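Worksheet for the structure shown next.
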Amino acid sequence: MDVATERVRPRSVWQYLRATAGLRSLAPAAPLAILLVGFFLIPLAVIVWDSFGGLALDFASYRRILTEPVYFTVLAHTFKVSAYVTLFSILLGYPVAYLLSSLKPRAAIVVSTFLLIPLFTAFLIRTYAWMVILGRQGIVNNTLIWLGFVDEPIQILNTTTAVVIGMVHVLAPIGIFTMYAVMAQIDRRLVAAAQVLGANPVRTFLRVYLPMSLPGVFAAATLVLIMAIGFYITPALLGGPADTMISQLIVVQTTTLLNFPLGYASATILLLATLAILFLASLFIPLEMMWSAHEAQPGTGGSRIRPTGARLVRRALGAGLSPVFRVVENATFRLVGPLMSERRIWQWVFTATMLVFFVAPVIVIVILSFSSSPFVTFPPPGFSLQWYEKLYRAADWHAALVASLQIGGAAVAIGLVAGTAGAFALVRSPLRGKRALFLLSLSPIVIPVIVLALALYIYEARLGLLGSYVGLVIGHAVLATPYVVVVMASAVRGFDRTLEHAASVHGARPATILRRVTLPILKPALTTAGLLAFLISFDELLVTIFLLGRLPQTLPIKFWNDIKYQFDPLLSAASTVIILAVVFAVGISQWLRLRRIKRRAVLGNGQEKTA
Amino acid sequence: MSTSLVLRNVSKVYGRDGRAVSDFSLDVAPGEFVTLLGPSGSGKTTVLKMIAGFETPTAGEIELGGESVVTLPPYRRGIGMVFQNYALFPHMTVFENVAFPLSVRDVDRREIAVKAREALALVHLEEFADRYPTQLSGGQQQRVALARAVVFRPRILLMDEPLGALDRNLRERMKTEIKRIQRELRMTVVYVTHDQDEALTLSDRIAVMRDGRLVQAAPGPELYNRPADSFVARFVGESNIFDCEVVADGAGARMLRLPNGALVAAPSAAGEVVAHRLMIRPERISILRGEEVSGAALSGRIREAVFLGETTRYEIDAEGLSLTVKDQNRGAAPFPVGAHVALTWRPDDAVLLSD
């Protein structure tokens, strides 16, 4: 058609906006962008810039960190511990994720409840539990003495072992859920097909299932590794002086020694290490996979991602080693074949052991809270409600709870608005760069918290926001919003847009559509996102340490101070109250899921009858 | 109540991918049932989306009842629409779904109740008012979608492959149902499908689309008997299509030379057409035994015979041409494979195609 026939006609504002759909589609992301750029990217840039003195290009701090043994040891130790933690989390988590992904929905919900409750229980509480369990008077030592293996308590607490145990306890469930998300997409019929075609179970697993699950393993390992590198609480409380990790180093340098250039440089190194790991990982997997936020590609399962690295490895192995493989596979099958049964007893035994490992600390805390002793000994010598009475009268705890609720509420409000609007924009925009924007919007939860904490500290101090309520809430919102983005993006992606079209053509205005169709349908996701955001804020320690100033203490701060200076069962009573809230929240959401499955099952039957 | 719809030189260009719809023009009279028929990717759904207002035409004009709606958002156009997957609101009951178009128009509550009940009665679903869409079968959901689309007596009803997800029996029933409701409400309907049976059963007029262009818009019988080109001929019904050449025989009569050299009589309308192709429907060809018939158009051998109940379908080799013939079963034994047969047709049953 020639240009002349394409008439220019007066356009309404509505139509004008539609014509510029590309840009308009990103407009809802404005609050998210302000939050990310204003309180994440710029602060990070500031500390990186200051780490080498800006234009002075003074790299003395870097030289010190990389040459002075004190700092280098900390760096090396951080990576060593993180590597161990990653290894154990994956090895111990894989079978659990495997079993979980093979269960029927209802059983999977029951099993996952035992993972979710510890997962959502505050880091601090769990670390406190491990102090109780691993301490000189703890369960492990008491048991060992009772069994006669040792005569006097052995040192477990304040060793690297304790740090690794505590970190695995925190990170393994996260790894399990990441692996589970990938495994759940693997078509189990392929396993059946391989067996029908003559592969024994061991070979089927190694050649069919394992390769398909590897992207999940890789995603989980990456996530666990980058989280481990930035750990602060666990090494600080469970480790000894030799277990200092880089986050602690940064805290000490910037809060105690006030050696800021060194702190900036350490933070920058930590940041770069994280980015390097992420870059390496991105050669193998789409990074979204770490939060199970990748778009499921029907039919291709995990195989869409043919990682360059993996392909090379496989080619190298496949050529020369296949006879070796075959021998090993057959030998393994002969060995474990008799142990394999239809009912997968060994998988269940292993999974149950792991679940006990995950849940035990929580239970220990609950039991300890009823202790009659003023000391943290386990098992408690007698029953008493004294700690609850104390807690009931403890005004400082009440104030901390109120402070946490206030800040959490505000952070959730900001997070939900910015995150949900941003998720809409990121999913629905036709712009091509949106994947990068999506990853960017997740970056506050990717980089180590200490880096963000330090960056916000310096930045807000310069803005004059430090120690203000607004400043603290923004800090929490920066951390909570990415979770909202993850949850809402997947919900929006799964949302059937023809519903909005149907509403629109039948007379509903955009605002009406949002109010009566879109938001009501997304309500479950909004609830999940809000809860998650709240938990993140409720559990936040590091950013709060830096930004709190003279504001009233939040619960984690109160907890943190008490663990260090006043270690008594009152903490366990306070913890129990929080645990109960978590159990309640997890219980309700799991029960809702269960009900949805049941209803669907009933419906399915009903339809079969009528058909 | 019902309105005319005019599409004038409508085009839609997507990004750099090129044109989805090119220079599309169509007039739909009030109360008319028009079907947009075409293979997937032919642009029929894009046309529907532009009528509904989900897409803005790159060029051209769309008028409802004589006034341009191009600049109106969907919610101001007063259109009812049934979607391919029904697009029922999962969080609302059947009643709330049907009441939706009225409630967003701030209609009085009591009136909503009355009208929604009426619409549900129209599709025989009164007793399902309090169910949720997921608690209904596919056919029931389809009818809820229909009730929702007509409850506010829209100026025009759009239907986007509404029967695609239903099984065969249900589809037959729903066709009758849709036709009945359309007649009862005397509504203008634009219906999109790739299924020629649906198009033929339901429509007053069928607009065949190909590659974003309108190929032919005509009532079903005309489309079938006088297709505009070989695409329409192939898409609507079965057809035999040959290249041909118009020649004059010794007596000066117009004849057609087929690729195998055979000469057949030209249809009387052949005069003005610069003919390139000849189309003849399989059931218009008479099939006769052996060479006993003189003056047959073609002679051939049966390559394959398939019994289809009311008809038998033959694949025939006619000296290098391959033909499909459908023969009514009237009790005579079918021709065996390999039998020599003669084929004839009335010259005017053949159609000369312009492409």
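The values are calculated or read from the model by the stated rules, or taken from the named source; none is laboratory data. Given the structure is predicted, the values throughout are model-derived calculations rather than measurements. As a convention, Cβ positions derive from the backbone with ideal geometry for all residues, glycine included, and neighbour counts pool all protein chains shown.
Starting from region B:154-179, take each residue that is in the same structural domain as B:MET81 (by TED's automatic domain parsing) and list its partners that are in a loop (DSSP other than H, G, I, E, B) and among the acidic types (Asp, Glu), counting only C-beta distances under 9 angstrom and pairs at least six apart or across chains. That search, which allows pairs on different chains as well, returns B:GLU161/B:ASP195; B:LEU163/B:ASP195; B:GLY164/B:ASP195; B:ARG171/B:ASP195. Test A:ARG203 against the stated conditions and say whether it is at pLDDT 90 or above, among the charged types (D, E, K, R), assigned to a helix (DSSP H, G or I) and surrounded by 18 or more Cβ atoms within 10 Å (Cβ to Cβ). So A:ARG203 does not fit the description; no. Within region A:42-58, if we keep just the residues that are of a type in the set (A, V, I, L, M, F, W, C) and free of Cβ contacts under 8 Å to residues at least 24 places away in the same chain, the residue that is nearest to A:PHE260 (Cα to Cα) turns out to be A:TRP49.
Against the conditions (1) among the small types (Gly, Ala, Ser); (2) under 28 Å from the mean Cα position of the chain (by Cα); (3) at the interface with chain A (Cβ under 10 Å from one of its Cβ atoms), B:ALA119 satisfies every one except (3). In the condition set (1) touching a Phe, Trp or Tyr at 6+ places or on another chain (Cβ under 9 Å); (2) outside the structural domain of A:MET167 (by TED's automatic domain parsing); (3) not small (Gly, Ala, Ser), A:LEU41 is compliant with all but (1). Considering only residues that are under 13 Å from A:PHE79 (Cβ atoms) and either of a type in the set (Val, Ile, Thr) or without any contact (Cβ under 8 Å) to a residue 12 or more places away in the chain (or both), which ones fall in region A:273-286? Within region A:273-286, A:THR274, A:ALA276, A:ILE277 meet the criteria. Of all residues in region B:122-155, those satisfying the criterion of being within 12 Å of chain A (Cβ to nearest Cβ), of a type in the set (A, V, I, L, M) and within 16 Å of B:GLU184 (Cβ to Cβ) are B:ALA147, B:ALA149, B:VAL150, B:VAL151. Restricting region A:545-572 to residues that are of a type in the set (S, T, N, Q) and surrounded by fewer than 24 Cβ atoms within 10 Å (Cβ to Cβ) leaves a set whose member that is modelled with the highest pLDDT is A:GLN553.
Apart from one condition, B:GLU55 fits all of (1) crowded, with 20+ Cβ neighbours inside 10 Å; (2) out of contact with any Gly (no Cβ under 9 Å at 6 or more places or on another chain); (3) touching a residue at least 12 places away in the same chain (Cβ under 8 Å); (4) within 21 Å of B:PRO73 (Cα to Cα); the exception is (1). Go through region B:41-58 and give me each residue that's out of contact with any His (no Cβ under 7 Å at 6 or more places or on another chain) and at the interface with another protein chain (Cβ under 10 Å from one of its Cβ atoms). Within region B:41-58, B:LYS49, B:ILE51, B:ALA52, B:GLY53, B:GLU55, B:THR56, B:PRO57, B:THR58 meet the criteria.
On the stretch given as region B:94-114, residues that are more than 13 Å from every other protein chain (Cβ to nearest Cβ) and surrounded by fewer than 19 Cβ atoms within 10 Å (Cβ to Cβ) total 6. The residue of region A:501-537 that is farthest from the other protein chains (Cβ to nearest Cβ), among those that are touching a Pro at 6+ places or on another chain (Cβ under 9 Å) and surrounded by fewer than 21 Cβ atoms within 10 Å (Cβ to Cβ), is A:PRO510.
Quick one: A:VAL582 ticks every box in (1) at positive phi; (2) part of a helix (DSSP H, G or I) except a single one, so which number is it? So the condition that A:VAL582 fails would be (1). Of all residue pairs spaced 6 or more apart or on separate chains, those with beta-carbon atoms under 7 Å, a first member in region B:123-141 that is touching a residue at least 12 places away in the same chain (Cβ under 8 Å) and in the same structural domain as B:ILE178 (by TED's automatic domain parsing) and a second member that is part of a loop (DSSP other than H, G, I, E, B) and β-branched (Val, Ile, Thr) are B:ALA129/B:THR93; B:ASP130/B:THR93; B:ARG131/B:THR93; B:TYR132/B:THR93. Does region A:221-243 include one or more residues that are surrounded by fewer than 22 Cβ atoms within 10 Å (Cβ to Cβ), at pLDDT 80 or above and out of contact with any helix residue (DSSP H, G or I) (no Cβ under 9 Å at 6 or more places or on another chain)? Within region A:221-243, one or more residues are surrounded by fewer than 22 Cβ atoms within 10 Å (Cβ to Cβ), at pLDDT 80 or above and out of contact with any helix residue (DSSP H, G or I) (no Cβ under 9 Å at 6 or more places or on another chain).
When you check A:ALA122 against the structure, is it surrounded by 22 or more Cβ atoms within 10 Å (Cβ to Cβ), among the aliphatic types (A, V, I, L, M) and touching an Asp or Glu at 6+ places or on another chain (Cβ under 9 Å), yes or no? So A:ALA122 does not fit the description; no.
Is there a residue being in contact (Cβ under 8 Å) with a residue 60 or more places away in the chain, crowded, with 22+ Cβ neighbours inside 10 Å and either facing chain A (nearest Cβ under 9 Å) or part of a loop (DSSP other than H, G, I, E, B) (or both) anywhere in region B:59-67? Checked against the condition, which is being in contact (Cβ under 8 Å) with a residue 60 or more places away in the chain, crowded, with 22+ Cβ neighbours inside 10 Å and either facing chain A (nearest Cβ under 9 Å) or part of a loop (DSSP other than H, G, I, E, B) (or both), region B:59-67 yields no hits at all. The residues listed here are A:LEU452, A:LEU466, A:LEU401; of these, the one that is surrounded by fewer than 19 Cβ atoms within 10 Å (Cβ to Cβ), among the hydrophobic types (A, V, I, L, M, F, W, C) and in contact with a Phe, Trp or Tyr (Cβ under 8 Å, 6 or more places away or on another chain) is A:LEU466.
Of the numbered conditions (1) within 14 Å of another protein chain (Cβ to nearest Cβ); (2) in a helix (DSSP H, G or I), A:VAL484 satisfies every one except a single condition; which is it? A:VAL484 satisfies all of (1) within 14 Å of another protein chain (Cβ to nearest Cβ); (2) in a helix (DSSP H, G or I) except (1).
Put simply, of A:ALA276, A:ALA265 the only residue that is modelled with pLDDT of 90 or more and more than 29 Å from A:PRO173 (Cα to Cα) is A:ALA265. Please go through region B:68-93 and pick out each residue that is on the phi > 0 side of the Ramachandran plot and more than 8 Å from chain A (Cβ to nearest Cβ). Result: B:TYR86, single match.
The set of residues in region A:450-466 that are in contact (Cβ under 8 Å) with a residue 40 or more places away in the chain and part of a loop (DSSP other than H, G, I, E, B) contains only A:LEU466.
In region B:4-40, the residue that is nearest to the other protein chains (Cβ to nearest Cβ) out of those that are free of Cβ contacts under 8 Å to residues at least 24 places away in the same chain and outside any strand (DSSP E or B) is B:GLY15. Identify, please: which residue in region A:101-144 is of a type in the set (Gly, Ala, Ser) and part of a helix (DSSP H, G or I) and is, among those, farthest from A:PRO374 (Cα to Cα)? Only one residue fits best here, namely A:SER102. Taken together, A:ILE407, A:ILE367, A:ILE414 contain a single residue that is modelled with pLDDT of 90 or more, not assigned by TED's automatic domain parsing to the domain that holds A:ILE536 and not small (Gly, Ala, Ser), which is A:ILE367. When the test is whether a residue is among the hydrophobic types (A, V, I, L, M, F, W, C), outside the structural domain of A:ASN158 (by TED's automatic domain parsing) and closer than 22 Å to A:ILE125 by Cα, A:VAL224 does not pass it.
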